Every structure is written in structure tokens, then in C-alpha cells.
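This report concerns only the one structure given below.
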Amino acid sequence: MPSSARIAFFISPHGFGHAARASAVISVLQQRRPALHIDLYSQTPTWFFNDSLSGSYAHHELLTDVGLAQINPLEVDLPATLKRLDGFLPFSEDLLETQARQLKQSHCRLVVCDISPLGIAVAARAGIPSVLIENFTWDWIYKGYSTFDAPFAKHTEILKETFAKARFRIQVQPNCSLQPADLTTGPVSRKPKKSRQETREQLKIPDRKKLVLITMGGIPDTYRFLDPLRKFSDCCFLVPGSNVDMEVHGNLTLLPYHSRFHHPDLVQAADVVIGKVGYSTLAEVYHAGIPFGYFTRPGFRESDVLAAFVQEQMQGVALQGCEYRDGSWITRLPELLELPLIKRNDANGADCVVAFLDDLICQMDGTP
């Protein structure tokens, strides 16, 4: 493949889950093809990609998707979501033409979308093959809000038609809606950069202590249940996004929203993870093989699918949203700490996705 060849990734900025999944793929792709130029189109902050990727890329600030407006990690603002959709769809001709022209001028060969409908529409306008990576699409999610069905209907139809324009579809597990796909893989997650021991040493977590990671994904929040955790003297608790700077208070380690620690490293260093059942957290916990105390999101269709996967394929305990707010989930902590680890031998789905993309690139180049 010529050294000047480039591909583009259009990534949903909803939380960090889609950026994490896309970064897992890009990281492996860069290892396999270090000369490949990567253009990232997303409103996910640049620091997130800097933390996840070791190779070079160009980040283009662009609204590629509106997803859902969040009140907090577990609650959605549907009126605000509809307002955002009204401003986003249908795509303007100027937007499609401008972005398609940019892709063609940069000699982009392939567009990969982690559920960004804009990327698929732009690729179609530019005549460039597109690849959709998904475990759900937004039209499927929006149909779950039956009380808002009529206002969402015009948007879900546009999205359904747009997603159908993808030249190739990759479905990753846990998958929410089975569709004809060119590839189906297991969970896709970023890989740890450091060993469990290295991370625990940096956090100053003694070997004899159990480490519990509390994480609510890419949606900022306040944590009101920290004081009761102090009574678990045989455990240490790690809480990203709970403080401006890294601080240690007894058995509590509070980390800023953006810390120097790679999130998969924190998961691998932990003995239990407590958090929202979002895709990227689930995938990282799955590959680490550790128990997962998970909170579902009421009304969010993906939650039920992810929860079922945890129960079938992982060691987990279901927790209610009300337990998160009042801290009563803490009574389930001894149960979680007793669950055994699972040793994983299956491949990370990111490797399977990159093998597929690599074959596409070879076919376009006419190389073996």
C-alpha cells in the first residue's frame, strides 16, 4: 500500500464507548500498518485519542452524531435529544458536499464509522466504500422510547436508510439487533499498556488488598457514597472522575476525569469493577475476566442486552439505579468480592476487525 494512503474514522461522541471501541481497532491497525494515515472525525476530545493511540493521526473536530442527551450517567433527556436531532437531520447538502470533497482531496480510500451516520452519508456522496462497526444503531435505540415514538419517527427513518448505505457491516458482541453482516466478532476493547503489578505499584495499592474500581463511563458525575466505603479496611477503592487532582484518602483513591492512567490498565489492576453497563466498560471487564457489579439504564434498550451478556458470559451482579444514588449497592460488595475470576483465551474482537479491514485494503490495492 502506498505510504500516502489514508482512511477516515467517523466516531460517535456519545460518552467514550464508541471512541474507545474505535481506538481499539485503530491501535491494532496502526501496529499492522504504521505508514497508514488516519483521519479521525469526532467531537470526542483529542486527549482521549492521545491516551489510547501510539501512532499518528489527524483529528478533525466535527459533529458526526448526536446520540442521546444525558442528564447524568443513567438518565436521558429525551426533549433535548429531539432538539439536537432536529438540528442534525436531515444532513444539509453543504455539509455532505464539503466533507465529501475533503475526503476526496485527501485521497481517502476507506471510511470506517463507529455508528456515525454522517460518515456513511459522506462516504456515499464521495463514492468511497464505508464500513459500519456496531452493536446497535441509533434508529434501533430511538424506537425504544415508545412515549416519544411519533417525534422520533422521522429521524429513525432517515437513520435506518443511512445505515443501510454502508458497503460493509461489522457486528460486535454483545449485539442488540441481528442484521446481515460481513463479519461478527466477540467484544472489542482497548488493550492494557502496563501489567497489573505495574499499575498497582503506581497507585500504591498493596498486593494483599482487594481493589475495587468504580467507573461510570464518559459521563461526568458526582459520587455521594464515598464515606461508607471507608469501613472496608481490607479493600481499596479507585474512583476516576471524582476529583480535580489525584488524591488518596485512606483506602480511597480519587482520580480526575482525565488522569494519567489508561482505563484498561485500571480495569486489569482491579479485582472488581462497579459501574454503568456500557459497551466499552463491559468489553474491558470481559477480557480482564473479573467480576462486574453493573447498573443498567432505565429505558435504554442496549442495557438489557448487555446485562444479559454479563449474566451469561461473565461473573456479575445486577444493581439498580436507585442503589447507585443512595449507595445501597455497597451491601452487595461482599458478594462480588467472592466471585471467581474467568481466564479468557479468546481473541480480542479488535484483532478480528483489523484482519477484515486489512483484507479490504489489500483488495483495493490489488496486493496479496
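Every read-out reported here was derived from the displayed coordinates using simple, explicitly stated rules and does not represent laboratory data. Worth saying up front: this structure is predicted, and the values here are computed from it rather than measured. Every residue, glycine among them, receives a Cβ derived from its backbone with ideal geometry; neighbour counts consider all protein chains shown.
Some points to look at:
- Taking Pro298, Pro180, Pro264 in turn, the Gaussian network model of the chain (Cα-Cα springs below 10 Å) assigns the largest fluctuation to Pro180.
- D (Stokes-Einstein, µm²/s), Kirkwood Cα radius, region 196-338, 1.002 mPa s at 20 °C: 141 µm²/s
- The residues packed around Ala350, meaning those with a beta-carbon under 10 Å from its beta-carbon, carry a net charge of +2 if Lys and Arg are +1 and Asp and Glu are -1.
- As a size descriptor, the averaged projected area of the C-alpha convex hull of the chain was calculated at 17.9 nm².
- Residue-count net charge about Leu333 - beta-carbon cut-off 15 Å; Lys, Arg +1, Asp, Glu -1: -2
- The relative contact order of region 196-338, computed from alpha carbon pairs under 8 Å that lie at least 6 residues apart in sequence, is 20 percent.
- Largest mean-square fluctuation among Phe16, Phe136, Phe232, in a Gaussian network model of the chain whose springs join Cα atoms under 10 Å apart, belongs to Phe232.
- Sorted by Cβ neighbour density within 10 Å, fewest at the top, the residues His287, His107, His18, His155: His107, His155, His287, His18
- Most mobile listed residue (Tyr294, Tyr142, Tyr279) in the chain, GNM with C-alpha springs under 10 Å: Tyr142
- Signed unit charges on C-beta, dipole axis of the chain, positive-most listed residue Thr184, Leu213, Ser303: Leu213
- Given charges at beta-carbon only (K, R positive; D, E negative), |dipole| of region 196-338 in Debye: 200 debye
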